[in-house]
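The values are calculated or read from the model by the stated rules, or taken from the named source; none is laboratory data. What you see is a predicted model; the values in this text were computed from it and never measured. In this analysis, Cβ positions are derived from the backbone assuming ideal geometry, glycine residues included, and neighbour counts consider all displayed protein chains.
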Amino acid sequence: MNQKAKTVEEYISNYPKDVQSILQKIRSIITNCSPNSIESISYGMPAYKLNKKPLVYYAAYDKHIGFYATPNGHEAFKKELSIYKQGKGSVQFPLNEDIPYDLIERIVKYRVEQNRG
């Protein structure tokens, strides 16, 4: 993770162009699904809050994109996420495979509804 970035733009700019493209696409999905969310860097990665509650986080690593939709985004999509390596509250999308942008979008929309409720 990039602990030194102070903005999401700075965070993304520190990665190779192909990874930057993935990160920008994820960022666009989040901001399009939740235009009122607050974007920041938290725990050294891009973070989004809605209604003062965490929405989602994501991060680039050497071989994967980490996506964090805590506290309940992963459970709601358990079956679809089961093909990916997971940790508590996290999922890893390998960089050598297609990133499931449609799934990310559905998770973000789900989290938006959760934060509104």
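Table for the structure above
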item: Lone qualifier among 89, 117 - being modelled with pLDDT under 95 and at positive phi; result: 89
item: Top-ranked residue of region 4-13 - restricted to ones that are surrounded by fewer than 14 Cβ atoms within 10 Å (Cβ to Cβ) and out of contact with any Asp or Glu (no Cβ under 9 Å at 6 or more places or on another chain), ranked as farthest from residue 62 (Cα to Cα); result: 6
item: Any hit, region 88-101, residues being farther than 29 Å from residue 117 by Cα and outside any loop (DSSP other than H, G, I, E, B); result: yes
item: Region 73-103, residues that are under 12 Å from the mean Cα position of the chain (by Cα) and within 23 Å of residue 52 (Cβ to Cβ); result: 73, 74, 89, 90
item: Per-region count, region 61-111, residues farther than 25 Å from residue 13 by Cα and touching a Cys at 6+ places or on another chain (Cβ under 6 Å); result: 1
item: Set 9, 80: member being of a type in the set (D, E, K, R), closer than 17 Å to residue 109 by Cα and without any contact (Cβ under 8 Å) to a residue 60 or more places away in the chain; result: 80
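Residue-by-condition table, conditions (1) touching a Leu at 6+ places or on another chain (Cβ under 7 Å); (2) in a strand (DSSP E or B); (3) surrounded by 19 or more Cβ atoms within 10 Å (Cβ to Cβ):
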{"residue": "24", "(1), (2), (3)": "no, no, no"}
{"residue": "28", "(1), (2), (3)": "no, no, no"}
{"residue": "59", "(1), (2), (3)": "no, yes, yes"}
{"residue": "83", "(1), (2), (3)": "no, no, no"}
{"residue": "86", "(1), (2), (3)": "no, yes, no"}
